[in-house]
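One structure is given below, encoded as structure tokens.
The values are calculated or read from the model by the stated rules, or taken from the named source; none is laboratory data. Small disclaimer: the values here were computed from a predicted structure and weren't measured. All Cβ positions, even for glycine, are placed from backbone atoms using ideal geometry, and neighbour counts span all protein chains on display. Side chains included, ligands, DNA and RNA excluded: accessible areas come from the protein's heavy atoms. Shrake-Rupley method; radii C 1.70, N 1.55, O 1.52, S 1.80 Å.
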Amino acid sequence: MTASVTVTPIRVASLLVGEDERLPVFVHLIDHPDGSILVDTGLTALHPAVADMDPQLEPLNEQSNVDLGSITAVVNTHLHFDHCGGNHLFAGRPIYVQRAELEDARTLDDYTIREWVDAPGVDYVPVDGELELLPGARLVPAPGHTRGSQIVVVDAGERPIVIAGDTAVWGAQLDEPETEGQLLIRSLDPQQVWLSHADEPWTP
């Protein structure tokens, strides 16, 4: 039914982890017959709080192949800085986040960059549990990386495609799942899982 749904990774930055390893930062665009959903927004600016990670930016608003105006809804898998730093680009459009995640981002110290979370005009839709955004595209809580992390499950043929955020940062974490969210992803028997910090999707 939803075979015409596609998922496109868009690289928006890289971050220094360890002495000389750089992790890519991807957001994911779901093209659906009923609308376009952007999962996470990356980051669009530098900030002293994360200077040690030496962000190299490729912000969404500077990429000519991305039509920001066509995006009908935004999902934050969670609200760490490298997932919500572009939320301000979508002021006035609904941004779906688990209620627990929004609470933690607004109240816990050293959790994220708070002014990026509540940038002017950003309009959150707090979600409690599962929610079908569009036919065949649903949000599912996936605790582990953070208490309020969520994934997007896209029904595409016999087995779903999952956009996982940081529920798994590396594919090896899905090979040997430990957290509630990782175990949930494996239980879905997905055909592929897109991660925020990997160039290629994980496949079982």
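Would you please name the chymotrypsin sites (Phe, Trp or Tyr not before Pro) within the range 112-171 that are DSSP coil residues with at most 14 other C-beta atoms within 10 Å of their C-beta?
On the way: sites: TRP116, TYR124, TRP170; in loops: TRP170.
Here the chymotrypsin sites (Phe, Trp or Tyr not before Pro) that fit, given the DSSP loop and packing criteria, are TRP170.
Pulled fully out, how much extra length does the chain show between GLN191 and SER4, if you take 0.36 nm times their separation in residues and subtract their Cα-Cα distance? Please report the intermediate quantities before stating the final value.
Working: separation 187, 0.36 × 187 = 67.32 nm, distance 1.54 nm.
Value of the extension gain: 65.8 nm.
Starting at the first residue of the range 163-169, write each ³J(HN,Hα) from the Karplus equation 6.51 cos²θ - 1.76 cosθ + 1.60 with θ = phi - 60°, in whole Hz, x for Gly and Pro.
9, 9, x, 9, 3, 10, 7
What is the distance, in nm, between label points placed 7 Å from the Cα along the Cα-to-Cβ direction at LEU131 and at ALA172?
3.5
Could you rank ASP54, ASP34 by how accessible they are, 1.4 Å probe, largest area first? All intermediate terms of the calculation are to be shown ahead of the outcome.
Values: ASP54 65, ASP34 95 Å².
Highest to lowest solvent-accessible surface, that is ASP34, ASP54.
Once the Cβ-Cβ distance between ASP31 and GLU58 is put in as r, and R0 is 35 Å, what FRET efficiency do you end up with, to the nearest 0.05? Write down the numbers at each step before the final one.
On the way: r = 20 Å, r/R0 = 0.58.
Result of the calculation: an efficiency of 0.95.
Just to be sure I understand the model, the point goes 7 Å from the Cα along the line to the Cβ. What's the resulting THR179 to ALA51 distance in nm?
A separation of 2.9 nm, rounded to one decimal place.
List the residues, sorted by chain then number, that are 5 or more residues from GLN98 or on another chain and whose placed amide H is less than 5 Å from its amide H.
Amide H neighbours of GLN98: VAL127.
Using only helices, what value at 222 nm comes out for the chain when you add -39,500 (n - 2.57) per DSSP H run of length 4 or more and divide by the total residues, to the nearest 500 deg cm²/dmol? Display every interim value, and only then the final one.
Values: 5 runs with 29 residues, N = 204.
Taking each H run of at least 4 residues, the total per residue is -3000 deg cm²/dmol.
Pick out, in residue order, every one of the GluC sites (Glu not before Pro) in the range 1-106 that is DSSP loop and has at most 10 other C-beta atoms within 10 Å; say none if there are none.
Details: sites: GLU19, GLU21, GLU62, GLU101, GLU103; in loops: GLU19.
Those satisfying the criteria are GLU19.
Would you kindly derive the ³J(HN,Hα) couplings of the range 143-155 from the backbone phi angles with the Karplus curve 6.51 cos²θ - 1.76 cosθ + 1.60 (θ = phi - 60°), listing them in order in whole Hz, with x for Gly and Pro?
Result, rounded to whole Hz: x, x, 4, 9, 4, x, 4, 9, 10, 10, 10, 10, 6.
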